[in-house]
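The values are calculated or read from the model by the stated rules, or taken from the named source; none is laboratory data. Small disclaimer: the values here were computed from a predicted structure and weren't measured. Glycine also receives a Cβ, built like all others from the backbone with ideal geometry; neighbour counts cover every protein chain displayed. SASA here: full protein model, heavy atoms, side chains in, ligands and nucleic acids out. Shrake-Rupley method; radii C 1.70, N 1.55, O 1.52, S 1.80 Å.
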Amino acid sequence: MHKLAVLKFVADGSFEKGFALVLEISEEGDRPFFQTIGQLPRSPEITKYYAYWQKLYYNLGTRIRRLTEPNYRIHVPPEQVTNVSLHDDCEDTAQLLSCSLNSWLRSESCRTIREGFLENLQQSDEIRVIIETEDDQLRRLPWHLWEILERYPKAEVALSVPTYGRIHRSFRFGEKVKVLAILGNSEGIDVQMDEYALKRLPNADVQFLVEPKRKQLNDQLWEKGWDILYFAGHSSSQPGGKTGCISLNQTQSLSIAQLRYALKRAVENGLKVAILNSCDGLGLARNLADLQIPQIIVMREPVPDLVAQEFLKSFLAAFARGESFYLAMREARLRLQGLEDQFPCATWLPIICQHPAEMPPRWSDWSRQQRTEQLVAQGATRSGGGTAKRYESAAIGEIYDRRTTGTHTSAQVATRPVPLTSNQVRQRRVTTKLKQVKQVTTQVSVGIQTGYQLITSGLLAAIAVLQLVVLGGIGGSIGAAIGFWLTYWSPLANPLAQWFAHSSYSRLPGLSAKLEPAVLLFAIAGFVTAMALMQARALERQAWMWTPVWMGSIGYGLGWLSWQFNHDPTISGPLGLLGAIAVGVLVLGLGLYERPLIHILVTAIGTQITLVQLARSRWLDIGDFILVLSAPKNFALHFTGSMLGSSIHFFTLLGCILGLWLGSSYFLISPFFDRWRHE
C-alpha cells in the first residue's frame, strides 16, 4: 500500500514556547482518512545541540579540505571556521542531537501523533512523510532519525511549505525524458562524474550547459520544455534559510529570484523535478517551492564532492530502474553511510522538498504520461473541456490503479457493486477484533520500547558519569605529581620559596598566614584536572581548551587562598570552602551550554559536603598534606615521599568527587529538572 503522512506544524510555534501540530494520513491520491493533533513542549536545547553540531561539521570540513583535499561544493564563510574539531566529536554531538530529538518527540503531549503512525501504518507500506513548516530550524533537523519512522523500511521524509497552489501546465510531447543539466562554477570541485552519471540515463535526452552565462540559461528555460532540471557547482543559502544563490560561472552568481520568470515558464512547460547537487540548498529549495516546482532535491549542509557524486549515481540508478522517487531517494541516502568513516553524517545531507498537491513521478511514468497528455489534448480538440476532463480522469486513474491494485480503472472500481455476505460480515468482525488485539499489542510494544530506552539512557548516563570520575581522578593525580615536583623537588624549588618569602603578598594586612609555594601545587593540579575533564566527549561544552584549563588553575589557586587565610580552628570549614571555590570556578570555565549555574552550584556544594564528610569520618587523612600547605620556606627541599603521596591522594580524590557531582548534575539532575518543568 502507498500511504501519505503529513505532519503540519502550526505557524506561531517555536522551540522557546513549543509547537502545536496536526497529523494527517491518507492513501496516495485520496483524501485523509485519519487526523489527530498533538503538542510538543518547549525545547531550546535542540537548537543549541544543532548549532554545536553544525559548527563541528563545518570545522571538520575545513580540516578535511586541508589534510586530504576532497573539495566541498561551497565557499565556507570565514566566520564559520574556528578551531579544528575531531571526527568523533562530530559523531558524538550528532548522537546527542538525535537522542534529544527523540526524547522531545517522545513527550506525553505528542503521544497521539506516535499512536497515529503505529495504528494506521504497516511496516510493508510505502510511506511518504511530509514535514510541513516554515520554521528553518525545524526544516534542518534530521527527521529521518525519528525512532517511529525507523520502524518503517519503506518510509522517506520530505519537507514542504504550508502555502501552495495549483500548478497549471501545458502539454509536452516526446519520446524521451528531457534533462537540462547545468554544470556551474566548478572551481576546486569535479563535476565530470556528475556528467558521466547523467549520460548513462536510459531513455533520456540530456543537454549540458557548462558554466553558462545568465542569458544562455534564461533562453534554455524559456524556449524548451524540460522534465528534470539538474545543477552541480557551488551554491549557498542565506541565514534563516529564506533565499540562496547558485554560482553559474567564475564571475556570475544568481539568486532564484533572478531566474523567476524563466523557471515559472519551465514549470508551465512541464518541469517536474529539480535536483541541486550542491551545498546548503534549503534556501534555494524555499525559493523554488514558491515557484511551484513539484519535487526538489537539495543538500542541507556543505557536501563533499565524493558524497555528491555517490548520491547522484545511486539515486539515478535506482530511479531509472523503476523504484519510486522516494524509495530511490531513500536508497541513495542510506548508501552514503559507507562514506561516513570519512564524512560523518553524510546520510543527513540529501532531502526532498515536495509540493503537497503533486504526485512524485516514476521514470517509467514519463512516457505513459506523455500518452495520457496526448489523449487529453485530443479530447479537448474534439469536444471541449468536458471530454478532456473525462479523458484525463480515466487516464490518470488507470495509471494509479495499475500501480496499486492491478489493471482495473478507477471508474470500474468505483462503480462495481460490493454485496456483503454473511461470511464477509463475520470476516469484518474478525478483522475488528484483530485490530483491537493489534492496538493492545502496539501499546505493550511501545511500553517495552520506552522501558528499554529508559534503561539504555540510564546505562549511558552511568558510563558518562564514570568517565568523568576517572578523568577527574587521572587529571588530579598527574597534576599533583607535576605540581609537587615543580614546587618542592625541582631546581626551581628553592628560588620559588625565596621569591614567595620576599613577595609583597607574604604579609597581607590583618592576616596571620603567609603566601607559600603550595599555591603552585594547587594551580598546576587544577590546570591538569581541567585539561583531563575536557576530554569527556559526552559533555556539551565550549570547543576551545585554554579557557577551561586556566580557569581550573585559577579556581584551585583561589581554593588554596581560602585555606591559607582561614582562621577556623577545625579542618572541616576550610576544607569545604577550598573544595567549593576550586570546583566552582573550574566548572564555570568548562562553558557548559545547558544550565551552567545549576551545574556550578550542584558540583561545588556536592564536592564541599563530600570532602567534609570524608574528613570527619577519617576516610580522608590529610595530615601530611597540611604540612605541605603550611611548611616554612627552609623546609621546602626536605619533603618526604609520604607527603607526595598525600598530595596525590588528596587531588585524585578531589578530581574523582568533582567528576562524580558534575556528571550527576549534567546527566541526572538536569534532565530530571527539565522533565519536571515540562510536566
Exception for Q250 within (1) over 25 Å from T133 (Cα atoms); (2) part of a helix (DSSP H, G or I) falls at (2)
Determine the pairs where a residue that is under 18 Å from N249 (Cα atoms), located within segment 187-198, has a partner that is surrounded by fewer than 16 Cβ atoms within 10 Å (Cβ to Cβ) with Cβ atoms under 8 Å apart, the partner being 6 or more residues away or on another chain.
E187/Q250
Tally up the residues in segment 276-293 that are open to solvent by 10 Å² or more (accessible area, probe 1.4 Å) and part of a strand (DSSP E or B), please.
1
Taking the residues in segment 315-332 that are under 20 Å from L145 (Cβ atoms) and open to solvent by 10 Å² or more (accessible area, probe 1.4 Å) as candidates, determine which candidate is nearest to the chain's Cα centre (by Cα).
R330
Given K242, K176, K199, K213, which one is open to solvent by 60 Å² or more (accessible area, probe 1.4 Å), within 23 Å of C279 (Cβ to Cβ) and either modelled with pLDDT of 90 or more or in contact with a strand residue (DSSP E or B) (Cβ under 7 Å, 6 or more places away or on another chain) (or both)?
K213
Looking at segment 89-98, can you tell me whether even one residue there is in a loop (DSSP other than H, G, I, E, B), surrounded by 15 or more Cβ atoms within 10 Å (Cβ to Cβ) and not basic (K, R)?
no
Of the numbered conditions (1) among the hydrophobic types (A, V, I, L, M, F, W, C); (2) over 30 Å from C110 (Cα atoms); (3) out of contact with any Asp or Glu (no Cβ under 6 Å at 6 or more places or on another chain), I131 fails exactly one; give the number of that condition.
(2)
Could you list, in sequence order, the residues of segment 1-16 that are part of a loop (DSSP other than H, G, I, E, B) and open to solvent by less than 20 Å² (accessible area, probe 1.4 Å)?
G13, F15
How do the pairs read when you match residues in segment 34-49 that are within 16 Å of R139 (Cα to Cα) with residues anywhere that are charged (D, E, K, R) and at pLDDT 90 or above, using Cβ under 8 Å and keeping only pairs 6 or more apart or on different chains?
P44/E16
Residues (out of contact with any Ser or Thr (no Cβ under 7 Å at 6 or more places or on another chain) and open to solvent by 40 Å² or more (accessible area, probe 1.4 Å)) located in segment 340-364
D341, Q342, A357, M359, S364
Is it the case, given these coordinates, that L454 is hydrophobic (A, V, I, L, M, F, W, C) and at pLDDT below 75?
yes
Does V307 qualify as being part of a strand (DSSP E or B), open to solvent by less than 10 Å² (accessible area, probe 1.4 Å) and either at pLDDT 90 or above or at positive phi (or both)?
no
Index of the failed condition, E132 passing every other in (1) in contact (Cβ under 8 Å) with a residue 60 or more places away in the chain; (2) open to solvent by less than 10 Å² (accessible area, probe 1.4 Å):
(2)
Listed residues R114, R139; which is among the charged types (D, E, K, R), more than 30 Å from A232 (Cα to Cα), at pLDDT 90 or above and crowded, with 16+ Cβ neighbours inside 10 Å?
R114
Would you call F343 among the hydrophobic types (A, V, I, L, M, F, W, C) and not in a loop (DSSP other than H, G, I, E, B)?
no
